[in-house]
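Contents: one structure, followed by commentary.
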Amino acid sequence: MTTCFLVEFEDHDCFSTQTIPVAGKILLSLSLNGKAHGSSVSHFLSSNSSAKNEGHKDKEGLLLSSHGMYCSKAPCLKKAEGKKLIKTIANCLERVFNKNEEVSRVDNSSDSATASSDYEDCVEEHSYSCSFEEAMEIMKSSDSKQEMPENLLGGILLDQIYEIAPYDLNKFLFAPGSQFRKDLAELQGTTDVEEESWSWKSGNMSHLARTVTYTRAATKLVKAVEATEEQTYMRADGREFAVLVNVSTPDVPYGRTFDVELLYKIVPGFELSSGEESSHLIISWGIDFHQSTMMKGMIEGGVRQGLKESFDQFSDLLAKHFKMVESTDSLKKDQVLTTLEAEHQSDWDLAYEYFWNFTVVSSIFMVFYIILHIVLCEPSQAQGLEFSGLDLPDSFGQLITCAVLVIQLERVYNMASHFIQARIQRGSDHGIKAQGNGWILTVALIEGTNLASLDSTGFSDPYVVFTCNGKTRTSSVKLQTSNPQWNDILEFDAMEEPPSVLDLEVFDFDGPFDQATSLGHAEINFLKCTSTELADMWVSLEGKLAQSSQSKLHLRIFLDNNKGVETIKEYLTKMEKEVGKKLNLRSPHRNSTFQKLFGLPPEEFLISDFTCHLKRKMPLQGRLFLSARIVGFYANLFGHKTKFFFLWEDIEDIQVLPPSLSSVGSPTLVVVLRKGRGVDARHGAKAQDEEGRLRFYFQSFVPFNVASRTIIALWRTRRLTPEQKAQIAEEQQQDLEETPIILADSGSLFDVEEAKMSKIYSSELPISVESLMEIFGGKMEHRIMEKSGCRNYTTTTWECVKPGIFERHISYRFNHHVSIFGGEVSCTQQKYAMENDRGWVVNEVMVLHNVPFGDHFRVNFKYQIEQSALAHIACKCDVYVGTTWLKSTKFQQRITRNITEKFTHRLKEIFELLEREVLFASQQDGVISEKLAENVLTEKI
């Protein structure tokens, strides 16, 4: 907006006896553009506020021009704003250049009044001249667009997707004279409905508002009252709409102390299979208290109940007009996974990106150049040491050229082989569908960025191991990259209990027993992430290497319950046996209140709650809430709220202290968290012990026995101690004996002649053959294997499968000192006696589970144990190992080398443990003397 005006001035010569007027004119031009004019004008006015020049001359003229806005009736508002600002600036300039103060004041007030009048007239004219559709277009094109507001804190009243475009749904709900509003008023018994026209709120073009008044129908508790709604558009860009409604009911009890707020959000839903648009309608509520009142809780409860009934009718009526889209979460999941599977790059595109580099291009150029040279040259005569059929380089230049060409061709061959293996290689867990009924976790591993490298090349061979509720899934291996593109979909089998956390760790592949430093790790807490956040999230990796490289992973996670409420009922039935008390399924309202109190996702369900004291410096009366995944505490003491929660997995120990004088004769339940866990709940802990563990003290339970038994039972199901796991394993041993582990094609794998066996251990041991065979089914077996790093070691008894051949099955888990995967191991052993009964031969087939490429190979062992020629009570032991490959992979040599090195060291450690145990036991029994043992060991050396 540009304004031009003339200012006349005159001056007098003070040094002459006769006043000689000197007059002139100054032409000024002001231009206002954009949204920042307000600040510029304010600065200009403030900088000239101290000017005290007086005088006045009539203005020569004032010209005003303005650009039109969005419709023929809308520009008045911005014209008035611009006119008012320009005239204010002009008046200030006149004060500077003119000297007549009185006339200036009169003119200034007159101009200000005229501008104000023009502004008000234009606003009034605009308020009633634009239609609803034109107003929507104005907001869509407005420069000052507002962000989509967050949901109100009271909760969600409606969250549904309808088969209608967002613009049409907005018009259907809020257009003047909406038939839907009339039908809803008739259904709810609302009368005397009066709707004002939509107008701009305080002249702001980005906030469209109107007022609606009506009389609510009487209820059992409240008589018919008048209500006033202030409806304001917070956002309307043509695809997303947000309307804030402030409802005032001063005639209800305590109605002047609060207003009810409703937020309608209409955003685009996902595209339907028919190609039509859909709208996602979210209605949330809250209460704005103008002053404090003791009836706050009662008011919130009454408003919640009234809104629930009202919007149930709203939802039913809206469903009659538009079809609802059901199972939105599953549809979104299927759509995302389908899109993910379709995003794979073609092999040609990947080949172009991989091979388009200087090495490949220069090698191809040199090959063609040399071939062309050979074609153009004539056959040369043999010279030097050459003979027919042998053409040697004739100079050092030719020798160097041949060497360079060979090196380049070798590099191109390695690159091609590398690329082919990377394309055909897939993870063993990729594409395997989850089995069973319960909580199913689906993880889509999209990509990684800035992964650290342990090699000088700057690249790594990364893969990701996911762990949830003790189960692991492994992604495919990507070769020589720091920004891998996985697009792997991994599913965990159904779990009875909803998972709390998902642990992930990125490794650089170098064999199934790789002990190298990981490239980074992270933990995803399902209780602190919404389903929307889990559906598309970037996870920053922790660890020295990852943090220095700022490594991240792109994941899409979906947690589904395919049995609904039945899964919860089965879980409660299982807990009843542990607790010894009936556990009832809580009402939806109670569960919703519990979830809102601690900010939990909708799948979390309340199991039980108890009144108790939290012991800190001063006891705090509150309530302890128990769910499938958390322990939460809440207290409200005169408006001062204390709340926190921690996971069952975070608990390391639970102790029961006897009654004492300090606990006022009540037992105390002490919950000790693991080191570094439960940091968010540290304000509720009484103390932190020397090991850095938080300790929580709860007392005054009514009754204490039921509360403590319930808490301990729930904790044991989520986190069992090693002793409890061993007890469970012993109880399951009988079942294992009845249903032994059968390996696929085990018969062919025992044919050790087919596998290339290499000797990895050979030693003369100062113990008898019978003592050494104790490790294959004797009393020392479990003790030796547990000391060597085997957990939950279980075996079946030897059974005769063929004449003279016995067989048994073994299962256990490696601890993390042996394998970072802690993978499960299944073994089948067969033994038979040597000729002349001089010893035994034991063949073993080992299957490694939950390790990369574990389904690609089997590990074969052959133990030859025979009587030694050195002494009658000594024996000789030779161990051979070989790897049988079921599937081909590029990493065969690397895995074989890793297995050979690992088991060479491991078997040496096992037999040394056995030797010490047997010698110690023998010396105690007086069977072998210390001197004889020393002689045998000396001969062995």
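Just a few scattered comments:
- Top-ranked residue in region 880-905 [being within 35 Å of the chain's Cα centre (by Cα) and not in a helix (DSSP H, G or I); ranked as nearest to D508 (Cα to Cα)]: F891
- If you go through region 548-582 and keep only what is within 30 Å of F507 (Cβ to Cβ) and open to solvent by less than 80 Å² (accessible area, probe 1.4 Å), you end up with S549, S551, L553, H554, L555, R556, I557, F558, L559, D560.
- When residues in region 417-444 are screened for being surrounded by 18 or more Cβ atoms within 10 Å (Cβ to Cβ) and at pLDDT below 75, 4 of them pass.
So that you can scan it fast, the table gives a plain yes or no per residue for (1) in a loop (DSSP other than H, G, I, E, B); (2) modelled with pLDDT of 85 or more; (3) open to solvent by 60 Å² or more (accessible area, probe 1.4 Å):
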{"position": "T359", "(1), (2), (3)": "no, no, no"}
{"position": "I371", "(1), (2), (3)": "no, yes, yes"}
{"position": "V375", "(1), (2), (3)": "no, no, yes"}
{"position": "A382", "(1), (2), (3)": "yes, no, yes"}
{"position": "L385", "(1), (2), (3)": "yes, no, yes"}
{"position": "L409", "(1), (2), (3)": "no, yes, yes"}
{"position": "M415", "(1), (2), (3)": "no, no, no"}
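- If you go through region 352-375 and pick out every residue that is among the hydrophobic types (A, V, I, L, M, F, W, C) and under 13 Å from A416 (Cα atoms), you end up with 3.
- Of everything in region 815-831 that is of a type outside the set (K, R) and at pLDDT 85 or above, the residue that is nearest to T472 (Cα to Cα) is V825.
- Failed criterion for A452 (all others in (1) touching a strand residue (DSSP E or B) at 6+ places or on another chain (Cβ under 6 Å); (2) buried (at least 18 other Cβ atoms within 10 Å of the Cβ); (3) not hydroxyl-bearing (S, T, Y) hold): (1)
- Evaluated against (1) among the β-branched types (V, I, T); (2) over 28 Å from R473 (Cα atoms); (3) crowded, with 21+ Cβ neighbours inside 10 Å; (4) without any contact (Cβ under 8 Å) to a residue 60 or more places away in the chain, V841 falls short on exactly one condition, (3).
- Within region 288-301, residues that are part of a helix (DSSP H, G or I) reach partners that are among the hydroxyl-bearing types (S, T, Y) and open to solvent by 100 Å² or more (accessible area, probe 1.4 Å) with beta carbons closer than 7 Å, at six or more positions or on different chains, in the pairs I299/Y254.
- Residue list for region 574-616, restricted to those being in contact (Cβ under 8 Å) with a residue 24 or more places away in the chain and of a type in the set (D, E, K, R): K574, E578, K581, K596, E603, E604, K615, R616
- Criterion applied to R256, R239 was being modelled with pLDDT under 90 and either on the phi > 0 side of the Ramachandran plot or out of contact with any strand residue (DSSP E or B) (no Cβ under 8 Å at 6 or more places or on another chain) (or both), and the one residue passing it is R256.
- Test: A227 is among the aliphatic types (A, V, I, L, M) and either over 25 Å from T293 (Cα atoms) or surrounded by fewer than 16 Cβ atoms within 10 Å (Cβ to Cβ) (or both): no
- Looking only at residues of region 699-716 that are under 29 Å from the mean Cα position of the chain (by Cα) and open to solvent by less than 10 Å² (accessible area, probe 1.4 Å), we find that the one that is nearest to K574 (Cα to Cα) is L714.
Quick grid of which residues meet (1) over 17 Å from S771 (Cα atoms); (2) at pLDDT below 60; (3) surrounded by fewer than 17 Cβ atoms within 10 Å (Cβ to Cβ):
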residue	(1), (2), (3)
F891	yes, no, no
I899	yes, no, no
H905	yes, no, yes
K908	no, no, yes
V936	no, yes, no
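- Restricting the first member to region 241-252 and to residues that are assigned by the TED database to the domain that holds V193, and the second to residues that are basic (K, R) and open to solvent by 10 Å² or more (accessible area, probe 1.4 Å), the beta-carbon pairs closer than 7 Å and six or more apart or on different chains are F241/R235; A242/R235; A242/K265; P250/R256.
- Cβ pairs under 8 Å, 6+ apart, first in region 380-400 and more than 24 Å from Y369 (Cβ to Cβ), second hydrophobic (A, V, I, L, M, F, W, C) and outside any strand (DSSP E or B): G384/L392; L385/L392; S388/A382
- Selection count where residues are farther than 20 Å from N860 by Cα and in contact with a helix residue (DSSP H, G or I) (Cβ under 7 Å, 6 or more places away or on another chain), scope region 793-838: 1
Residues checked against (1) part of a strand (DSSP E or B); (2) among the aromatic types (F, W, Y); (3) open to solvent by 40 Å² or more (accessible area, probe 1.4 Å):
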| site | (1), (2), (3) |
| --- | --- |
| E786 | no, no, yes |
| R791 | yes, no, yes |
| H809 | yes, no, no |
| H816 | no, no, yes |
| S819 | no, no, no |
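- Residue in region 676-698 that is β-branched (V, I, T), touching a residue at least 24 places away in the same chain (Cβ under 8 Å) and surrounded by fewer than 18 Cβ atoms within 10 Å (Cβ to Cβ) present: no
- Failed item, numbered, when E133 is tested on (1) open to solvent by 20 Å² or more (accessible area, probe 1.4 Å); (2) over 19 Å from V212 (Cβ atoms); (3) within 40 Å of the chain's Cα centre (by Cα): (3)
- Any hit, region 824-832, residues being within 22 Å of G470 (Cβ to Cβ), in contact with a strand residue (DSSP E or B) (Cβ under 9 Å, 6 or more places away or on another chain) and open to solvent by 10 Å² or more (accessible area, probe 1.4 Å): yes
- Any hit, region 615-637, residues being under 25 Å from Q305 (Cβ atoms) and modelled with pLDDT under 85: no
A quick yes/no check of all residues on (1) crowded, with 18+ Cβ neighbours inside 10 Å; (2) farther than 27 Å from Q699 by Cα; (3) not hydrophobic (A, V, I, L, M, F, W, C):
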| residue | (1), (2), (3) |
| --- | --- |
| L545 | yes, yes, no |
| E603 | yes, yes, yes |
| K617 | no, no, yes |
| F646 | yes, no, no |
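- Residues located in region 832-857, provided they are at pLDDT 85 or above and closer than 21 Å to L886 by Cβ: N843, E844, V845, M846, V847, L848, F857
The values are calculated or read from the model by the stated rules, or taken from the named source; none is laboratory data. Here the structure is a predicted model, which is why all the values come from computation and not from measurement. Note that each Cβ is placed from the backbone with ideal geometry, even for glycine, and that neighbours are counted across all protein chains shown. All accessible areas refer to the heavy atoms of the entire protein, side chains included, with ligands and DNA or RNA removed. Shrake-Rupley method; radii C 1.70, N 1.55, O 1.52, S 1.80 Å.
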